[in-house]
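To keep things clear, I will list the structure first and then write my remarks on it.
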Amino acid sequence: MRITKYTHACVRLEQDGRVLVIDPGTWSEPAALAGADAVLVTHEHADHVDVLRLAGLGVPVHAPAEAHLPGLPGLPGLEVTRVSSGARFEAGGFRVRAVGGRHASIYGGQPDCANLGYVIEDEVYHPGDALHVPDQPVGTLLVPVQGSWMKTAEAIDFVRAVAPRRAFAIHDAQLNERGLSSVNGWLTEETDCGYRYLRPGESA
């Protein structure tokens, strides 16, 4: 399976001519969606879903059952297949399991919105904006490395708890080069899963 990281939390998976895209938000590049067979959305925040772009794409979109994905004034809302935690389904020819349930809290219990992580082909795990540890082994973890809802120690503990064979950074668009260097250094030193940082457009 080929994994290509795009800006922030957007990841493109390719296997046997099929393309699945996760969390193409307003900060991610349109090229991430070229030839996509299906899209997975972890939650409703704009840095994870560009509703207008997806509404014009015309491919199946899967999102949490409780997510609010309205259209812009004068435009229809985005049509999605609603999924719940624990659901197993197929998206663009990929086997997917939804896990987790809620967005991590920033302060005072907010935000409180649905957030699903997705385990694809029992191999790749994208948790969205949460640090839910799935009850199954995964080979590749897409680990959030920065957010108003987390700290570096939590990212390290998350990687250790999941114990993947390899881990790649996501949720990094608000870090400058100095911040990236620090976070990457900590995750490389404190985890033993072959952590690697992929720049936007880089594949593994």
Can you tell me which residue within segment 126-152, out of those that are more than 14 Å from the chain's Cα centre (by Cα) and charged (D, E, K, R), is farthest from residue 103 (Cα to Cα)? 135
Over segment 149-165, the set of residues in a loop (DSSP other than H, G, I, E, B) and surrounded by fewer than 14 Cβ atoms within 10 Å (Cβ to Cβ) is 151, 165
For segment 1-62, list the strands (runs of 3 or more DSSP E) that sit wholly inside it and hold at least 2 residues that are within 11 Å of residue 92 (Cβ to Cβ) and in contact (Cβ under 8 Å) with a residue 60 or more places away in the chain; which are they? 11-15, 18-22
Could you run through segment 104-150 and say how many residues are at positive phi, among the small types (Gly, Ala, Ser) and in contact (Cβ under 8 Å) with a residue 60 or more places away in the chain? 1
Just to verify a result, which residue in segment 177-204, among those that are assigned to a loop (DSSP other than H, G, I, E, B) and among the aromatic types (Phe, Trp, Tyr), is farthest from residue 8 (Cα to Cα)? 195
The residue that is surrounded by the fewest Cβ atoms within 10 Å (Cβ to Cβ), considering only those in segment 91-124 that are more than 17 Å from the chain's Cα centre (by Cα) and part of a strand (DSSP E or B), is 107
Test of understanding: among 136, 174, 146, which residue is of a type outside the set (Val, Ile, Thr), in contact with an Asp or Glu (Cβ under 6 Å, 6 or more places away or on another chain) and part of a loop (DSSP other than H, G, I, E, B)? 146
If you go through 183, 145, the only one that is closer than 20 Å to residue 48 by Cα and among the β-branched types (Val, Ile, Thr) is 145
Looking only at residues in segment 54-74 that are touching a Leu at 6+ places or on another chain (Cβ under 7 Å) and at pLDDT below 95, which one is surrounded by the fewest Cβ atoms within 10 Å (Cβ to Cβ)? 72
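Matching residues to (1) surrounded by 13 or more Cβ atoms within 10 Å (Cβ to Cβ); (2) out of contact with any helix residue (DSSP H, G or I) (no Cβ under 8 Å at 6 or more places or on another chain); (3) within 23 Å of residue 87 (Cα to Cα):
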{"residue": "136", "(1), (2), (3)": "no, yes, yes"}
{"residue": "167", "(1), (2), (3)": "yes, no, no"}
{"residue": "176", "(1), (2), (3)": "no, yes, no"}
{"residue": "198", "(1), (2), (3)": "yes, yes, no"}
{"residue": "204", "(1), (2), (3)": "no, yes, no"}
Test: residue 65 is touching a His at 6+ places or on another chain (Cβ under 8 Å) and touching a residue at least 24 places away in the same chain (Cβ under 8 Å): no
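The values are calculated or read from the model by the stated rules, or taken from the named source; none is laboratory data. Because the structure is predicted, anything quoted here is derived from the model rather than measured. Every residue, glycine among them, receives a Cβ derived from its backbone with ideal geometry; neighbour counts consider all protein chains shown.
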